[in-house]
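After the structure tokens below, expect a handful of questions from me.
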Amino acid sequence: MTAPSPLLDLDDAASVAAADTEGAMRAVALGGARVRSVAEAVGEGLLDRVREMRPRSVVFVTAGGRAARAAAVLDASVGPQFGVPIVHTSAVPPWVGSLDVVVVAGDDAGDPRLVTAADSALRRRAELVVVAPDEGPLRAAAAGRAPLLAPRVPTPDRHGFLRYLAAGVAVLGALDPGRALALPDLSELADVLDGEAARNNPAAEVFHNPAKSLAVRLQNHRVVVAGDGPATTALAGHATDMLLSAAGSSAVAAGLSDVLASATLLAGAGELPPGYDPLFHDEELDGPAPVTPARVFVLATSGSRVATARRLGALADAELVTAAPDGDELAPGDRYGTGDSEMTSRAVRGPAQGERAEMEQLAVLAVRIEMAAVYLRLIGGR
């Protein structure tokens, strides 16, 4: 199985490596290293100021981008189980005071919104944690008064999602010393992400490479990325962000319920007729141009994939994307819809023993999607 592209054969590892002139594959593969760097910062005592604190709330202030995506995923996955409210906003709320923890996160240390948020939190005597580059006005605003989790592994800003996610996990873990939450150990999570990067390396053939396989299935389709729950829907937003910024391919993020409600609109007009050529198609003579069904990629975790798989029969072209353990991932042909409505045995199999925690699965999916976006760009996007 190879990529249907005249530009590049994804099974030709040397050509793939040579085509990646910007080092995007390496940047994605360093996801584990970015998480490990946060674990090292925590081990050095950077978050000791907030450790075992009993706050009234934890407020994540972001200015958009990857930091906002990570905060949304963290809030959706951990918020319902956390002992105090988790608030995600773009500015420090007026009620914040000395009983609250404020996390200010972003890529731009000169962003006036982040600088204002940090200054406001400190003036109100809230405990502040800054997740941003150690430079500029933000550094000056927080100097000596708040811990600063700066990036230690230099990579493009568009690959910062995992660092922000790890920083959020670290802060919540410091506030939850009893481990009441199902938060992953950051060092172990980094090892898992390294393993995912190894599976997605250029030398692995498409059929055995989850990211290459996903890129092939994304190519030349109208794409909708859906989440089957709040956390996976938030992750779908990151997926479409990466498809646009890393591959130049547009896609729509939505919740699965909204997608199912729009199944008729997404169905299109079926397969393209034989001999159809968009260059010579005249709508006045030949009628409206046919539209192929949108392909829906549904993100799911182990706890929900069985029920989610059963819901996909209403969609013309849909695929379930999970962070299943080795040997239990859905194959490229395991689709659900009018053309292939029978669910495979792997899709309806229950959670395996030793199944990964939800946060770990979300992080693995993030690495896989980011690498798939890179491969999609190399084979010509859409």
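The values are calculated or read from the model by the stated rules, or taken from the named source; none is laboratory data. Fair warning: this is a prediction, and the values are worked out from it, not measured in the lab. Neighbour counts run over all protein chains shown; Cβ positions are idealised from the backbone, glycine included. Heads up: the accessible areas ignore ligands, DNA and RNA and are worked out on the full protein's heavy atoms, side chains in. Shrake-Rupley method; radii C 1.70, N 1.55, O 1.52, S 1.80 Å.
Those residues that are aliphatic (A, V, I, L, M) and not in a helix (DSSP H, G or I), I need them from segment 212-265; list them, please.
Residues satisfying the conditions are 223, 224, 225, 226, 251, 252, 253, 254.
Report, by residue number, each residue of segment 187-209 that is in contact with a helix residue (DSSP H, G or I) (Cβ under 7 Å, 6 or more places away or on another chain), open to solvent by less than 30 Å² (accessible area, probe 1.4 Å) and part of a helix (DSSP H, G or I).
Result: 189, 190, 193, 196, 197, 206.
Any chance you could count how many residues in segment 125-169 are over 22 Å from residue 246 (Cα atoms) and not in a loop (DSSP other than H, G, I, E, B)?
16
Quick one: which residue in 66, 26, 34 is without any contact (Cβ under 8 Å) to a residue 60 or more places away in the chain, within 18 Å of the chain's Cα centre (by Cα) and within 25 Å of residue 235 (Cβ to Cβ)?
26
Go through segment 167-185 and give me each residue that's open to solvent by less than 20 Å² (accessible area, probe 1.4 Å) and at pLDDT 80 or above.
Residues satisfying the conditions are 167, 168, 169, 170, 171, 172, 173, 174, 175, 183, 184.
Something else now. Within segment 54-109, work out how many residues are part of a strand (DSSP E or B) and over 19 Å from residue 173 (Cα atoms).
Residues flagged as part of a strand (DSSP E or B) and over 19 Å from residue 173 (Cα atoms) within segment 54-109 amount to 2.
Can you name the condition, by its number, that residue 84 falls short on among (1) open to solvent by 10 Å² or more (accessible area, probe 1.4 Å); (2) at pLDDT 90 or above; (3) of a type in the set (Val, Ile, Thr)?
(2)
Matching residues to (1) at pLDDT 95 or above; (2) surrounded by 17 or more Cβ atoms within 10 Å (Cβ to Cβ); (3) under 28 Å from residue 227 (Cβ atoms):
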{"position": "71", "(1), (2), (3)": "yes, yes, yes"}
{"position": "95", "(1), (2), (3)": "yes, no, no"}
{"position": "109", "(1), (2), (3)": "no, yes, no"}
{"position": "134", "(1), (2), (3)": "no, no, no"}
{"position": "140", "(1), (2), (3)": "no, no, no"}
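State the number of residues belonging to segment 294-314 that are assigned to a loop (DSSP other than H, G, I, E, B), in contact with a strand residue (DSSP E or B) (Cβ under 9 Å, 6 or more places away or on another chain) and either at pLDDT below 85 or open to solvent by 10 Å² or more (accessible area, probe 1.4 Å) (or both). Working first, answer last.
Of segment 294-314, the ones assigned to a loop (DSSP other than H, G, I, E, B) are 294, 300-304.
Narrowing the set further to residues that are in contact with a strand residue (DSSP E or B) (Cβ under 9 Å, 6 or more places away or on another chain) leaves 294, 300.
Add one more test, that the residue is either at pLDDT below 85 or open to solvent by 10 Å² or more (accessible area, probe 1.4 Å) (or both), and what stays is 294.
Matching residues across segment 294-314 total 1.
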